[in-house]
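Some notes on the structure that comes next.
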Amino acid sequence: MSRSIVRQSKFRHVFGQTVKAEQGYDDIRVSKVTWDSSFCAVNPKFLAVIVESSGGGAFLVLPLSKTGRVDKNYPLVIGHSGPVLDIDWCPHDDNILASCSEDCTAMVWQIPDHTLTRPLSDPVVVLEGHSKRVGIVSWHPTARNILLTAGSDNLIIIWNVGTGEPLISMDDHPDLIYSVSWNRNGSLFCTTCKDRRLRVCDPRKREVVAERLAPHEGIRPMRAIFTRDGNIFTTGFTRMSQRELGLWDPTNFEEPIALLELDTSNGVLLPYYDPDANMVYLCGKGDSSVRYFEITEEPPYVHYLNTFSSKEPQRGMGFMPKRGVDVSKCEIARLYKLLDKKCEPITMTVPRKSDLFQDDLYPDTAGPEPAMEPEEWLDGRDEDPILVSMRQGYVPPKSRELKVVKKNVLDSRPTTRRSMSTLDTNSLPLSPVFIDFL
């Protein structure tokens, strides 16, 4: 008599659950712009959602505790003259948010802890260097104040937001850039592009160190993210327009570690990665389900775990950093699903009977302190994230004010500093400007 062997994994029984209706966020006019970004960003303090706005671009920022119906006159963050395309919270300060827009700029905002009483229209810094719309913003995972932007001019610019100046510019992409993802220590990033190539770039050398033509044979958009082991997880389409996921070793792009066909839906799969559990959550725009997988070192390397399904299709999704989950309920992830008029949190939980802290579910996770300064990173230093324990439940630090300061100038604290990129980054001097957190 043969017995089937069930793979042992502590995440095999993870289940998703929508919170109660009163714990969601209602009456949010989610943006209808045709752009494949998540439209939502979340951290342990705030929820930010790109919304419909007349006369420019705007997004809504709510304290996580402000659940229920959102007043139609609730103040927005307004400053862009065109629709906002992407937003990203700074991993080192929960009050700092970056946004980018069709108006060819990116902006960095200081969000106050108190509830907004009037629209916020003054960014801390405006980053001007792209000649076409800016579709991607992504903070460096370990260095303070390093921000990457990618635009429809096929240009990637890396900024020091403390000075408002471009540090690095890369023009290696001949077509539209679909996605950008930093690796764990921020020494490399990977990109997917409309020319169907997956690239691994070293920004400080200003070169592409590895590339693969057509990791997925279809012509529809791809997405790629770095895993904690340095491999690359991709989503895309087959030649027959079936959705597909893959796992690749960037040191050997010839053959995939794993390649798995999913279904024939036409929405782009957005991957959200949990490096502590080594799990990936796949959310397709227009889908009403979230699939989740575990990445392991033994075949088949990418293990399907389960699917969370609901009735309504999602317009976008936000993913909470691990330090914002509820450890007392064995919650290992929380997603914020955008619908047409509301946002509903989805909790991912490992069923456990014990009320004690579960060490195996919560290894030390990336904390809010940067591991190095921007000048150190630019000089070639690499550092892994500074880890914090989850044992006592994460307590957010007090808000730190972001200042843009310039030496030897009477006006030492401008509210907004505009900067123009010359894009001649090889000749850029180190700036005398620095950032100071109080």
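Report the per residue volume, in Å³, of the convex hull enclosing the C-alpha atoms of the range 1-73. Could the numbers behind the result be given before it?
Working: hull volume 12.7 nm³, N = 73.
So the per-residue Cα hull volume is 174 Å³.
Quick one: pull the percent of accessible area on the range 1-157 belonging to carbon and sulfur, 1.4 Å probe, ligands and nucleic acids left out.
Numbers: 3060 of 6430 Å².
Ligands and nucleic acids excluded, carbon and sulfur give 48 percent.
Using only DSSP helix segments of four residues or longer, with each worth -39500 (n - 2.57), what per-residue ellipticity at 222 nm results for the chain after dividing by its residue count and rounding to 500? Don't jump to the answer; show the numbers that get you there.
Details: 1 runs with 5 residues, N = 438.
My calculation for the chain gives 0 deg cm²/dmol from helical runs alone.
For the range 166-267, what is the convex hull volume of its Cα atoms per residue in Å³?
Spelled out: Cα convex hull of the range 166-267, divided by residues, is 100 Å³.
Using the per-residue mean of other Cβ atoms lying within 10 Å as a proxy for protection, in what order, highest first, do the peptides 14-24, 145-155, 256-266, 320-330 fall?
Final packing ranking: 145-155, 320-330, 256-266, 14-24.
Can you tell me, using C-alpha contacts under 8 Å and at least 6 residues apart, the relative contact order of the chain as a whole percent?
Relative contact order here is 16 percent.
Please compute the Kirkwood hydrodynamic radius of the range 16-380 from all pairs of different C-alpha atoms, in Å with one decimal.
Its Kirkwood hydrodynamic radius stands at 20.8 Å.
Run through every distinct alpha carbon pair of the range 269-404 and return the Kirkwood hydrodynamic radius in angstroms, one decimal place.
17.2 Å
If you count only protein heavy atoms and use a 1.4 Å probe, how large is the accessible surface of His92, to the nearest 10 Å²?
10 Å²
For the cross-link pairs Lys132/Lys342; Lys20/Lys322; Lys132/Lys311; Lys32/Lys72; Lys10/Lys66; Lys66/Lys337, which exceed 28 Å when the distance is taken from alpha carbon to alpha carbon?
Long pairs (Cα-Cα over 28 Å): Lys132/Lys342; Lys132/Lys311; Lys10/Lys66.
With every protein chain present, what is the per residue accessible area of the chain (1.4 Å probe, Å²)? Provide the component values of the computation, followed by the final result.
Numbers: 19480 Å² over 438 residues.
With all protein chains present, the chain gives 44 Å² per residue.
Can you list the residues of the range 231-272 with backbone N under 17 Å from a point 7 Å past the Cα of Leu213, pointing along Cα to Cβ?
239, 253-256
The values are calculated or read from the model by the stated rules, or taken from the named source; none is laboratory data. Not measured: the values here are computed from a predicted model. Cβ: placed from backbone, ideal geometry, glycine included. Neighbour counts: every protein chain shown. Surface areas here come from the heavy atoms of the whole protein model, side chains and all, with no ligands, DNA or RNA. Shrake-Rupley method; radii C 1.70, N 1.55, O 1.52, S 1.80 Å.
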